[in-house]
Amino acid sequence: MAAPQAQPTAAGYDYGTFNFLNPDQFLPPQHGGQAYTFVHEYKASTTANQQVRVVLVWNSTPMCWDPDSCATTEAIVPDLDLHVTNQATGQFVATSTSYDSNYEVVQFTASANEVYLIRFVWLVGGSHSWYAVAWAPNAI
């Protein structure tokens with residue numbers, strides 16, 4: 001897995017594995033919640049009037065109880081959600097929380113010279129998986 005990102009970048013990517021059995025990679029549920037937060041975060045730097053797109057993908061397995069009748073609409077495990085927040089204010093600027101796919105995509109309009117934190121949250125199932133995350137701006 002790549003080393004944690006120190007400085008914000010306009011575009012970037014990372015890949016690796018997350019493992020529920022490795023407590024160094026996750027923060028425990030807060031206030032009785034059931035979500036585990038993936039500790040790695042990424043920083044996207046921006047200029048004004050840029051559309052920034054963030055994509056997260058991971059290996060997954062359909063969760064079906066009967067392999068002979070497993071529908072393509074069954075929940076995917078693990079279920080990850082993607083959140084982007086403004087580093088200075090802590091406000092959410094984009095989020096993607098689908099439950100039936102192994103990818104999340106967000107796009108938002110960036111403010112001038114801001115840094116955005118990209119995080120993913122592990123919500124359900126699985127014990128480990130490969131992931132890849134990428135972000136890049138597009139001029140408006």
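The values are calculated or read from the model by the stated rules, or taken from the named source; none is laboratory data. Here the structure is a predicted model, which is why all the values come from computation and not from measurement. For neighbour counting, all protein chains shown are included, and Cβ atoms are generated from backbone atoms with ideal geometry for every residue, glycine included.
Quick rundown of the values:
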| item | result |
| --- | --- |
| Selection status of T72, loosely packed, with under 12 Cβ neighbours inside 10 Å, more than 25 Å from Q7 (Cβ to Cβ) and at pLDDT below 85 | yes |
| Any pair with Cβ under 7 angstrom, 6 or more apart, that starts in the range 69-88 at a residue that is over 17 Å from R53 (Cα atoms) and ends at one that is at pLDDT below 65 and buried (at least 19 other Cβ atoms within 10 Å of the Cβ) | V77/G126; P78/G126 |
| P62 more than 15 Å from the chain's Cα centre (by Cα), of a type outside the set (F, W, Y), loosely packed, with under 15 Cβ neighbours inside 10 Å and modelled with pLDDT under 65 | no |
| Flag for V106 being touching a Ser or Thr at 6+ places or on another chain (Cβ under 6 Å), closer than 24 Å to P8 by Cβ and at pLDDT below 90 | no |
